[in-house]
Amino acid sequence: MYDKIAEYIAAHEAEALALLRRLVEIQSGSWNKPGLDRMAVAMADVLGGILPQVRVLPYTSHGNMVQGQTLPAAAGSRGILLVGHMDTVFPADTSFTMYREDAQNCYGPGVYDMKGGLVAGVYALKALDHLGLLEKIPVTFFCNSDEEIGSPASKTWIDENAMRNTAALVLEGGGINREVVTGRKGRMGLRMTVRGQARHAAKPGPKASALLEAAHKVIALEALNNNVEITVNVGRVEGGIGPNTVPDTTTLLVDARFLSSHDQQRLEEEIRSIAARNTIPGTSCELEMISGRPAMPQSAANMKLFEVARLQAAAMGYDLPQELRFGVSDANYIADHGIPVLDGLGPVGDMDHSDQEYIVKQSVMERACLVAATLLALSATFPS
Ligand SMILES: [Zn+2]
């Protein structure tokens, strides 16, 4: 069966790369609704040729999204959820718009993060469909349009549908050494607003400088960093109106990452205590959680799912490594429901979120084969 899958996918390489070009040439930054709506039409068009139930899900404040299902999945059988996002980090007016290929690589906005993954998912389904194997597998393919901004609109869909499935495969880009992702750190985005009392800077004596208090807080927050488990970064400071005025307000934007829900709790308590503790008399601080994703630990269930994929790769003649990735994705939300999830199944590449973004061309086909074989192996556990 591996040979037949590989044969079909190899025979359709040019077609798959043409689809990749088509998708990359649609500018689809997370706030670019017209571009995202065009992406949704393109994905619905492609999936419509493979899956019997495909719907564009309309959204008003965000780009439209796409849901495609096989008949068993549409009838409610618990099966496998495939997830990929259509949005990129590049704004509508970016100068990074070109798709190009050389002998080794494909380049372009979103080629790695993660239109290459969408193409790998599509060709995995196409191969199984061609071999008459897809119709019996309960598969739901979801393409969202807001992952890069924390999936505010699609989180509800993901939460509800994760629980309707027994496993999930996420098509974010693979690691540069072919790694798939078995765990991810969680993340909190926080805002600390420090308030003091403004007055003329020339006046001697104690002063309630919001900025000075914020400086103490920056040092305390940065001290929470340990080697690997926890990272804290104060990434933006805003406050003050000029050198001759004691600042009455200073805002800190903070990114905090952790490996487990236990670490998250501890970190949150420590950050709260830094917010509550004032070194400079007369100042106060308000702490807001503005975004966040739970941790995706390398659970036994995830490792079992990885083992299924690893065996498929071994049968196709190569080693499949796995990694704990520090960035977040929709896999974090899925993992939070206790559903086994494997991420990083998209093509191998690097330099995402930059205009140097690329994927290794040959890995588009390799990952399509891997996803197809893994879907097939998993389907053996869901008798129709
Ligand atoms: Zn991504």
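For the chain, what Kirkwood radius comes out of the mean inverse Cα-Cα distance, in Å?
Values: mean 1/r = 0.0452 Å⁻¹.
That comes to 22.1 Å for the chain.
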Paramagnetic label zone (point 7 Å from Cα along Cα-to-C-beta, residue 78; backbone N under 11 Å) in the stretch 320-344: 339-340
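May I ask you to sort 258, 326 by Cβ crowding, counting other Cβ atoms within 10 Å and putting the fewest first? Please report the intermediate quantities before stating the final value.
On the way: 258 22, 326 12.
The most exposed by this proxy come first: 326, 258.
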For each of 125, 17, count neighbouring Cβ atoms within 10 Å of the residue's Cβ, then give the residues from fewest to most. 17, 125
Using 5 Å bins from zero, what percent of all Cα-Cα pairs in the stretch 186-293 falls into each bin? 2, 13, 24, 22, 15, 10, 7, 4, 2, 1
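With N set to the residue count of the stretch 106-264, report its C-alpha Rg divided by 2.2 N^0.38 Å to two decimal places. Walk me through the numbers on the way to the answer.
Details: Rg = 23.8 Å, N = 159, 2.2 N^0.38 = 15.1 Å.
Cα-based Rg divided by the globular estimate yields 1.58.
Can you pull the Kirkwood radius for the stretch 106-170, inverse mean 1/r over Cα pairs, to one decimal in Å?
On the way: mean 1/r = 0.0733 Å⁻¹.
When all Cα pairs of the stretch 106-170 are included, the Kirkwood radius is 13.6 Å.
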Measuring from label point to label point, each 7 Å out along Cα→Cβ, what is the residue 164 to residue 314 span in nm? 3.5
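Could you give the semi-axes, largest first, of the ellipsoid that matches the stretch 282-326, computed as the square roots of 5 times the alpha carbon gyration tensor eigenvalues and rounded to whole Å?
On the way: eigenvalues 350, 22, 10 Å².
For the stretch 282-326, the semi-axes come out at 42, 10, 7 Å.
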If you line up the Cα atoms of the stretch 330-376 on their principal axes, what length do they span on each, largest first, in Å? 35, 27, 7
For the stretch 175-196 and the stretch 293-329, what is the centre-to-centre distance using only Cα atoms, to the nearest Å? 19
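Take the Cβ-Cβ distance between residue 229 and residue 202 as r, set R0 to 35 Å, and report the resulting FRET efficiency rounded to the nearest 0.05. Don't skip to the end; give the middle numbers.
Working: r = 47 Å, r/R0 = 1.33.
After rounding to 0.05, the efficiency reads 0.15.
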Quick check on the exposure proxy: order 19, 224 from fewest to most C-beta atoms within 10 angstrom. 224, 19
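So if R0 is 45 Å, what FRET efficiency would residue 102 and residue 249 give, r being the distance between their Cβ atoms, rounded to the nearest 0.05? Numbers along the way, then the final one.
Numbers: r = 51 Å, r/R0 = 1.14.
Calculated transfer efficiency: 0.30.
Read the figures in this text as sums done on the coordinates, not as results from a lab. Everything numeric here is computed off the predicted structure, so don't read it as measured data. Ideal geometry is used to build each Cβ from the backbone, glycine not excepted, and the neighbour counts take in all protein chains shown.
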